[in-house]
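K.L.:
Before anything else, here's the structure in question.
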Amino acid sequence: MTIGELLKEERIKKGLTQKQFADGIVSTSYYSKVEKDGHRITAEDLIAVLEHNGIPLWSFFKNLTLKGDFEHYRNLSIEEEALDAYYRSDRKQLEVLKEEIDKSHLPNKNELSLSISGWIECMKTNDDEPNIQVREDLKNQIFNMPSINLNKLTLFCNFMEFYDLDSNFFITKQAINKFIDTKEVDIQEVLLSIIGNLLYLSIKEGNYNYTDYLLQNSKKISIKPRLFLEKELIAFYQNLIDYHFNKKQVYIENCKDITHSIKLAGMDEYSHALNGVITKYT
């Protein structure tokens with residue numbers, strides 16, 4: 001089945017017109033040709049259409065023929081769904097997703113399965129027994145990549161908690177040395193996320209040896225709309241660090257303002273987690 005055929009099938013199941021199904025995402029005339037395989041829809045618009053209609057990404061993509069662009073779409077949908085489940089703290093959904101991947105015939109299913117196992121590990125509490133093998137496999141996968149690229153940076157960013165602080169700094173410094181002057185927004189976004197994660201881990205461990213270096217380098221990447229959240233989080237951690245050294249209430253108020261703005265943007269759970277960080281580390 002093609003993307004167009006499957007979209008049409010899903011739309012008819014819901015009893016919607018083409019305009020209702022793709023409302024506000026692509027024009028009705030363009031979408032009509034997508035259903036007839038006359039136009040190719042972008043990955044971003046396809047995901048937006050599916051989310052607009054409450055269609056789970058994985059369940060949609062697993063019905064597609066696995067070749068060429070379909071493989072790219074399917075991998076993208078898995079990653080999106082895994083991230084969404086992680087940020088909703090939905091461990092059960094991650095386990096279901098991993099089981100479906102393990103049963104699939106995806107050519108890179110081992111890498112995808114390991115990545116989702118890593119998300120599950122990240123959700124474990126101190127009372128849960130860690131899967132040491134999964135954590136070691138993730139570390140090895142990162143170090144075994146031939147050079148630092150976007151895929152390696154993303155994998156490292158997602159699972160930094162499995163490394164000690166010195167190892168995290170060693171890898172982060174390599175990434176900064178290579179990419180700090182890049183103009184590619186995808187890499188800038190991941191690099192800022194890595195810096196933010198390492199600032200948090202430094203605060204968590206009470207080790208501030210690396211924070212000045214990280215903050216100075218984060219300022220070398222100019223602000224733009226797509227990087228706003230990463231910049232906000234780095235500002236949050238900078239204020240926590242300033243409070244650690246100066247104990248001025250203004251830094252706490254700045255942190256609260258940032259968490260409030262994140263809540264207003266609709267990220268309630270993220271805002272709640274950051275408020276917990278303020279309480280714990282001040």
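The values are calculated or read from the model by the stated rules, or taken from the named source; none is laboratory data. Values in this document were obtained by computation on a predicted structure and should not be read as measured data. Every residue, glycine among them, receives a Cβ derived from its backbone with ideal geometry; neighbour counts consider all protein chains shown. Surface areas here come from the heavy atoms of the whole protein model, side chains and all, with no ligands, DNA or RNA. Shrake-Rupley method; radii C 1.70, N 1.55, O 1.52, S 1.80 Å.
K.L.:
Solvent-accessible area per residue for the chain at a 1.4 Å probe radius, Å²?
P.N.:
Normalised by residue count, the accessible surface of the chain is 54 Å².
K.L.:
Would the chain count as rounded, prolate or oblate if I go by the C-alpha gyration tensor, calling it rounded below 1.5 in a/c and otherwise prolate when a/b exceeds b/c, oblate otherwise?
P.N.:
Prolate, because a/c is 1.5 or more and a/b exceeds b/c.
K.L.:
Given a Förster distance of 22 angstrom, what is the FRET efficiency for residue 90 paired with residue 161, based on the Cβ-Cβ distance and rounded to 0.05?
P.N.:
The pair residue 90/residue 161 has a calculated efficiency of 0.70.
K.L.:
Which peptide among 82-89, 186-193 comes first, and what is the full order, when sorted by highest mean count of other Cβ atoms within 10 Å?
P.N.:
So the peptides 82-89, 186-193, ranked by packing, come out 186-193, 82-89.
K.L.:
For the chain, what is the mean residue ellipticity at 222 nm derived from helices alone (per DSSP H run of n ≥ 4: -39500 (n - 2.57); sum divided by total residues; nearest 500 deg cm²/dmol)?
P.N.:
Mean residue ellipticity, 222 nm, calculated: -22500 deg cm²/dmol.
K.L.:
Could you work out what % of the accessible surface of region 209-277 is carbon and sulfur, using a 1.4 angstrom probe and leaving DNA, RNA and ligands out of the count?
P.N.:
54 percent
K.L.:
Further question on the same structure: What are the lysines whose alpha-carbon lies under 27 Å from the alpha-carbon of residue 224, with same-chain residues fewer than 8 places away excluded?
P.N.:
152, 173, 178, 183, 256, 263
K.L.:
Quickly work out the residue 272-to-residue 178 label distance, labels modelled 7 Å from Cα along the C-beta direction, and quote it in nm with one decimal.
P.N.:
3.8 nm
K.L.:
State the percentage of accessible surface on region 107-192 attributable to carbon and sulfur atoms; use a 1.4 Å probe and exclude ligands, DNA and RNA.
P.N.:
About 45 percent, which is the carbon plus sulfur part of the accessible surface.
K.L.:
Run the simple label-point estimate for residue 19 and residue 133 please: 7 Å along Cα→C-beta, distance reported in nm.
P.N.:
5.7 nm
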